[in-house]
Amino acid sequence: MQIIEVTGLGVRSAVITMRRSETPLKFVLFPMVHVAAPSFYAQVRRRLAECDVIVAEGVRGKSRQLGVLTLAYRFAPRWRRGDLVEQQEASLLPAGVPVVNPDVTAAEAVADLKTLPTWMYVLLLGAAPVMGLVFAIRGPRAFLDDDLELEDLPKTHRAESLAEHPVLDVLTSRRDQLLLDTLDKIYAERGTEPITVAVLY
């Protein structure tokens with residue numbers, strides 16, 4: 001299933017609607033990117049306003065370590081002026097739609113990162129500011145491989161190797177499980193209602 005499409009022209013996010021034929025509840029997946037054109041976030045906000053519940057990612061709380069890691073996408077909007085903006089909850093989430101946040105706390109995220117080998121943890125923290133600076137100066141294409149100009153997604157073996165990477169595992173495993181548990185609970189409690197649940201991840 002194609003979720004994020006990367007081409008020479010730009011990056012597109014596919015909105016995907018999922019439901020079982022025997023129940024009226026719908027889940028609508030909104031794959032997000034941390035930095036995008038303002039028009040992208042405006043379109044997402046407009047669609048979210050039509051939903052009944054929003055399940056949204058967002059680490060609760062702050063930490064120095066997470067602040068360093070997020071430099072990679074916080075640098076870009078400040079340097080590229082107007083072309084790109086950082087995703088902001090205040091301007092993205094419409095008023096009046098209940099929001100559920102099943103994400104981890106900052107302390108939990110840091111604890112997961114610290115399960116990495118020490119050298120990998122230190123390298124990750126050291127590389128993030130450098131990547132942020134390159135991203136800010138050259139834009140997102142600085143991190144795309146040449147073959148992505150010919151394909152929408154990486155080859156299967158590359159995608160599978162990325163999924164098994166220990167950094168990706170510690171950054172996503174606990175968070176993914178919390179999301180799935182929350183969606184299971186919503187479906188169990190409200191599956192018979194004709195509502196639309198947005199999943200903003």
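The values are calculated or read from the model by the stated rules, or taken from the named source; none is laboratory data. The structure presented is a predicted model; accordingly, all values stated were derived computationally and were not measured. Methodologically, a virtual Cβ is constructed for each residue, glycine included, from the backbone with ideal geometry; neighbour enumeration extends over all protein chains shown. For accessibility, only protein heavy atoms count, side chains too; no ligands or nucleic acids. Shrake-Rupley method; radii C 1.70, N 1.55, O 1.52, S 1.80 Å.
In table form, for the structure just shown:
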| quantity | calculated |
| --- | --- |
| Those residues of segment 27-65 which are within 16 Å of Asn101 (Cβ to Cβ) and of a type in the set (A, V, I, L, M), in sequence order | Met32, Leu48, Val53, Ile54, Val55, Ala56, Val59 |
| Residue in segment 135-142 that is closer than 20 Å to Ala36 by Cα, open to solvent by less than 70 Å² (accessible area, probe 1.4 Å), modelled with pLDDT under 85 and outside any helix (DSSP H, G or I) present | yes |
| Positions within segment 23-35 being in a loop (DSSP other than H, G, I, E, B) and out of contact with any Gly (no Cβ under 9 Å at 6 or more places or on another chain), in sequence order | Pro31, Met32, Val33, His34 |
| Identity of the residue in segment 36-61, of a type outside the set (Gly, Ala, Ser) and assigned to a loop (DSSP other than H, G, I, E, B), that ends up surrounded by the most Cβ atoms within 10 Å (Cβ to Cβ) | Cys51 |
| Selection from segment 19-44 of residues that are at pLDDT 95 or above and of a type in the set (Lys, Arg) | Lys26 |
| Qualifying residue in segment 62-72 (condition: open to solvent by 60 Å² or more (accessible area, probe 1.4 Å) and modelled with pLDDT of 80 or more) | yes |
| Residue that is farthest from Leu25 (Cα to Cα), among those in segment 165-198 that are open to solvent by less than 40 Å² (accessible area, probe 1.4 Å) and part of a helix (DSSP H, G or I) | Val167 |
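Yes/no matrix, rows are residues, columns are (1) part of a loop (DSSP other than H, G, I, E, B); (2) more than 18 Å from Glu57 (Cβ to Cβ):
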site: Ala90; (1), (2): no, no
site: Val97; (1), (2): yes, no
site: Asp103; (1), (2): yes, no
site: Val110; (1), (2): no, no
site: Leu116; (1), (2): yes, yes
site: Met120; (1), (2): no, yes
site: Leu125; (1), (2): no, yes
site: Ala128; (1), (2): no, yes
